[in-house]
Amino acid sequence: MASAKHIAVGIDGSSNAGDAALWAAGEAARRGVDLLLLHSPAAAAPAGGRAVLEAASELVRQQFPELTVWAESHMLPPVAMLRVASEEALMTVVGSHGSHRVIDTVLGSVAWRLVNRARGPVVVCCSPTGPAEISNTSAPVVVGVDGSPESSSALKFGFEEASSRGARLIAVRVWDDRILDGYWGNFPVPVDRAEIDRLQLGFLNKQMEPRARAYPNVPTEGVVLRGRTAAALLKPIPTAQGEIFPALVVVGSHGFGKLTGLRMGSTGHALITHAGCPVAVVPSERVPDPATTRSPEEFGVLRRRPAVS
């Protein structure tokens, strides 16, 4: 069985899930932990569950031959299976879309439903269509920060990631200045926006300071942007060294349906489905959810085994 410290990844036979498996394998190798491949027959993959797990295992072993890989098939629906797995895994990794795009569009993707229910960090891997490739580890880690306890958890996760990668951490605070323009541009509020930027940067640096002291090896920079949070994080981030494309974007989550600094719906959905890099959603704390309690009936069908060589 997988070790106490492991990274879990959902597999359904799609190419996007394969990208997620490779990203998770890289994380596991860098952290020195096991990789746990998870598949649910309810995902209705084109091939059988064993074939899907064997193909994913082979894909991972080709690039990470020294990594310990475990495979698990579970009869629960994909979201329920991954939600339970998130209670024990260091992080749970999924692709942004599965093998059935129509179902994803109508019902909401597994990724979107999981980030609202998971009990630990969830990383959603988008297809590597942007300038930041999915396997890129040298680019900076970007963390969305709004001053809440939830964004403090995101900062902690972001510093861990940046430290393990030997990368910079860029903390981004976004404030919406559109209200200052007045209704339809009439009666604008006479406020010095640059001064608000400076105040926001002070708040940001104050929140970063304890984490920065704990990770002196991680170069950091605070950036204040204006506008919508998700829209700002989807664009190249302007820094002192020029615009950057992040290797990973990290945001906090209140859990059970509320992303920090984001409203449910199109804004949050855009962040986890349209980013050109993986997006990590980190809950404020890891508290067991009674709704995910394992029952003998659910786990009696569990088939856990080392991945087939």
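So here's what we get for this one:
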quantity: Residue in region 43-66 that is assigned to a helix (DSSP H, G or I) and β-branched (Val, Ile, Thr) present; calculated: yes
quantity: Criterion: basic (Lys, Arg), within 13 Å of VAL282 (Cα to Cα) and at pLDDT below 85 - qualifying residue of ARG113, ARG101, ARG117; calculated: ARG117
quantity: Hey, VAL123 closer than 16 Å to THR273 by Cβ and either modelled with pLDDT of 90 or more or open to solvent by less than 10 Å² (accessible area, probe 1.4 Å) (or both) or not; calculated: yes
quantity: PRO219 vs. criteria at pLDDT 95 or above, surrounded by 14 or more Cβ atoms within 10 Å (Cβ to Cβ) and not acidic (Asp, Glu); calculated: yes
quantity: Verdict on VAL251 being modelled with pLDDT of 85 or more, in contact with a Ser or Thr (Cβ under 7 Å, 6 or more places away or on another chain) and not acidic (Asp, Glu); calculated: yes
quantity: Residues (over 21 Å from HIS274 (Cβ atoms) and either open to solvent by less than 10 Å² (accessible area, probe 1.4 Å) or at pLDDT 95 or above (or both)) located in region 10-20; calculated: none
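The values are calculated or read from the model by the stated rules, or taken from the named source; none is laboratory data. Quick caveat, the model's predicted, so the values are computed rather than measured. Methodologically, a virtual Cβ is constructed for each residue, glycine included, from the backbone with ideal geometry; neighbour enumeration extends over all protein chains shown. Just the protein is used for accessible areas: all its heavy atoms, side chains included, with ligands, DNA and RNA removed. Shrake-Rupley method; radii C 1.70, N 1.55, O 1.52, S 1.80 Å.
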